[in-house]
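Structure first, then comments.
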Amino acid sequence: MEPLCVAAAMRIGYAMGTAAEVEWEEMFEALASAIPEVCAAQVTGWDPIARRFVVVAERGYRKSISQDLAHALPRTRWGVQLFASRMPLLMDDMPQHFRASPHYQEKLRPAGFEDGLSATLRSEAGRRVGMLHLNAPVRQAFGERAREFVAQVGPALARRVDPLRCPQLDGRFGREWTASRLVPGGEFLPLAGREPSPLARDPRIVELAESFRAMWAAWLAFLWPDAAGWHRAAMLNVVDTNRSGVVVASTPFANELGLTGREVDVATGIVAGLSNQAIADELVVSRRTVETYVERLLGKLGCASRGEAAGVAVRAGLVRPSTGGGGVGALPRLTRGATLPWP
């Protein structure tokens, strides 16, 4: 590629980011610097739940044209041609006379769009995950140079619209973490490049995730037991067009501190801001028993006070949330006021 295009491709890669929000306006500006003729652009992503493409970002289109490109075009023979091509298609590449189509005659041409370039966005595994549409006000605005540039930046765009990827997760968690995404209806979807979380099979986790999503909390780091032992776990509340849902991630918990289940419950109560007596009432034990657990917990965590222990427990995710809305680990208590950090 030419130096200008290389620089624009680098800007687009930076704008796509990793775990951060995508800087779509920066991406569109970079596209325009490489292909100055562009006056309108649209990026769509496939929604596997609604089973249709949704607009992720765009500029320069009226609503009717935006909807036509995202929803109507994919169902036509021109959409079939686009999906069958491994390279971006210019408007005049279409052997089915695209300029005679209602998309051009009734939508694009009256709006002043005389040329176009479209590309199917594919995952590394070849899955169709989105589309990119570009339009220009003059004919023959796009050529092989534009086609090559779009082909080069297509993979970066595909990664950011792939419904089976979670940049927020990938930017913070190594590949040893398994993960699944809960979508409306209690169904879990696998995430690309990761094994499904075994916790996704636990109906208590489904209940917890549904409650977590309704609270609009961003993060929750915690411990969770099952027949195989304890897991470090995290829930991420993702709101991102075609990738929205609660992501459940997990990895085996080595428990090098030798924490018992009851000590985790007491740590949860401390993080929730409960007094020793309140923890005792919730756990149906005596206050003295809770005080004994607190003493043991302080020793294992190397802390001098309940406040210090609460901070360590939060940072390390040494809490166990409760299902059913009550208990020492009630979600409103554990998620109040802030996102829980994760190392």
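Here are a few things to note about the model shown:
- If you go through segment 73-109 and keep only what is farther than 18 Å from L134 by Cβ and assigned to a helix (DSSP H, G or I), you end up with R75, R77, V80, A84, A100, P102, Q105, E106.
- Tabulated pairs, segment 263-284, first farther than 16 Å from A309 by Cβ, second of a type in the set (S, T, N, Q), C-beta under 8 angstrom, 6+ apart or interchain: A280/S286; A280/T289
- In segment 245-335, counting only helices (runs of 4 or more DSSP H) that sit wholly within it, the ones holding 1 or more residues that are more than 21 Å from R172 (Cβ to Cβ) and at pLDDT 95 or above span 261-271, 276-283, 287-301, 306-316.
- Residues satisfying the stated conditions in segment 72-110, i.e. more than 20 Å from A146 (Cβ to Cβ), surrounded by 15 or more Cβ atoms within 10 Å (Cβ to Cβ) and charged (D, E, K, R): K107
- Considering residues of segment 133-179 that are polar (S, T, N, Q) and farther than 27 Å from V246 by Cα only, the residue surrounded by the fewest Cβ atoms within 10 Å (Cβ to Cβ): Q140
- Residue in segment 22-34 that is surrounded by 14 or more Cβ atoms within 10 Å (Cβ to Cβ), part of a helix (DSSP H, G or I) and in contact with a Phe, Trp or Tyr (Cβ under 8 Å, 6 or more places away or on another chain) present: yes
- Scanning segment 206-218 for residues that are closer than 14 Å to R181 by Cα and either out of contact with any helix residue (DSSP H, G or I) (no Cβ under 7 Å at 6 or more places or on another chain) or in a strand (DSSP E or B) (or both) yields a count of 6.
- Annotation: of all residues in segment 144-176 being acidic (D, E) and assigned to a helix (DSSP H, G or I), the one that is nearest to the chain's Cα centre (by Cα) is D170.
The values are calculated or read from the model by the stated rules, or taken from the named source; none is laboratory data. Quick caveat, the model's predicted, so the values are computed rather than measured. So basically every Cβ, Gly included, is an ideal-geometry build from the backbone, and we count neighbours across all protein chains shown.
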